[in-house]
Amino acid sequence: PAFFQVAIDGPASAGKSTIAKILAQNLHFVYVDTGAMYRAVTVAAKKAGLSYEDEAGITALLPKITIEFKPGTPVQRVFLNGQEVTDEIRSTETTNNVSLVSSYAAVRKDMVNKQREMTEKNPVIMDGRDIGTTVLPNAQVKIFLVASVDERAERRYKENKQKGMAVDLKTLKEEIEARDYKDSHRAISPLTKADDAIVVDTTGIGIDQVVAKIKTIIEEHQ
Ligand code: C5P
């Protein structure tokens, strides 16, 4: 690739976006949160009054969808057709339906095209499920970020609590496991580790340490 590419994949709530965002800031790379894009399509379906099961309807919606990112703290701001959906894409309803919407062939094709376009002018750090395997198979660095399901549920629980969202830990754990199962078992580009990806286990490790570790890996490949 002409510009440097870092692919970060892994299961839900492994810390991908937190880590990727910090790394992108440190290295002056563009950060692309592909999960936010699938979430935005899921919100678009809802706004259009479509059922999440309506693959044909959602497919027909795709040419009318624009997704933009703008800098924000603590998370990037996300705009769907010019309208801010930063919070809506993280709602429980969106989270529990995004795996279905992202399993549709046309949705994946469209998002992958958009994601590849974003690598044409800048070095990128892209996080998701199929970045190392499908979107950027020639990425210079591929990381597969994992953590125990208990720790991932705890992290999501704390995050939700800060936002004032009340969901108990057990339910969160079940939802994370259900989403991982669907994402790993879908027909098209399921969540799997690329052969040449480096596994980084973040269980019991702080954000700073994970960032430092991946930064070292990137420097070794530059
Ligand atoms: O990363 P995040 O948890 O926000 O992703 C939300 C969902 O979007 C995932 O559970 C998965 O269904 C879908 N996704 C995907 N491919 C990607 C990124 C996310 O299918 N590259």
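The values are calculated or read from the model by the stated rules, or taken from the named source; none is laboratory data. On a predicted model such as this, the values are computed, not experimentally measured, just so you know. Please note: Cβ atoms are built from the backbone with ideal geometry, for glycine as well, and neighbour counts cover all protein chains shown. Accessible surface areas use protein heavy atoms only, side chains included; no ligands, DNA or RNA. Shrake-Rupley method; radii C 1.70, N 1.55, O 1.52, S 1.80 Å.
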Using a Förster radius of 45 Å, what is the FRET efficiency between Q140 and N81 based on their Cβ-Cβ separation? Nearest 0.05, please.
0.85
5 Å is the cut-off here: which amide hydrogens, built 1.01 Å from N in the peptide plane, fall below it relative to R77, excluding neighbours closer than 5 in sequence?
K70, G72
CD proxy, 222 nm, the chain: helix-only mean residue ellipticity via -39,500 (n - 2.57) per DSSP H run with n ≥ 4, per residue, nearest 500, stands at -14500 deg cm²/dmol
Shape category assigned to segment 19-86 from the gyration tensor of Cα positions, a/c cut at 1.5
prolate
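Could you calculate the contour length gain from E120 to E68, that is, 0.36 nm times the residue separation minus the distance between their Cα atoms, to one decimal place in nm?
On the way: separation 52, 0.36 × 52 = 18.72 nm, distance 1.62 nm.
Gain on stretching E120 to E68: 17.1 nm.
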Evaluate the Kirkwood expression for the hydrodynamic radius of the chain, namely the inverse of the mean inverse distance over all pairs of different C-alpha atoms, and round to one decimal in Å.
17.7 Å
Backbone HN-Hα couplings from phi across segment 123-137 [Karplus 6.51/-1.76/1.60, Hz, Gly and Pro as x]
x, 10, 10, 10, 10, x, 10, 10, 5, x, 8, 10, 6, 10, x
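Considering only protein heavy atoms, what per residue accessible area in square angstrom results for segment 1-129 with a 1.4 angstrom probe? Before the final figure, lay out the partial values.
Details: 5530 Å² over 129 residues.
Heavy-atom accessible area per residue stands at 43 Å².
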Find the lysine pairs in segment 90-214 meeting two conditions, Cα atoms under 19 Å apart and a separation of 8 or more places or different chains, and report how many there are.
12
Highest average packing first - 140-149, 181-190, Cβ atoms within 10 Å
140-149, 181-190
Modelling each spin label as a point 7 Å along the Cα-to-Cβ direction, I'd like the K170/N96 distance in nm, to one decimal.
1.6 nm
Antiparallel DSSP bridges in the chain: what percent, to the nearest 5?
25 percent
Whole-Hz Karplus ³J(HN,Hα) for segment 63-72, in order, using 6.51 cos²θ - 1.76 cosθ + 1.60 and θ = phi - 60°, x for Gly and Pro?
x, 9, 9, 10, 10, 10, 10, 10, x, x
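Hey, got a sec? Which GluC sites (Glu not before Pro) in segment 92-186 land in a DSSP loop and have at most 12 other Cβ atoms within 10 Å? Can you show the working numbers first?
Values: sites: E93, E117, E120, E151, E154, E159, E174, E175, E177; in loops: E120.
Qualifying residues, ordered by number: E120.
Can you send over the carbon and sulfur percentage of the accessible area for the chain, probe radius 1.4 Å, protein chains only?
Numbers: 5620 of 10740 Å².
Within the chain, the accessible surface is 52 percent carbon and sulfur.
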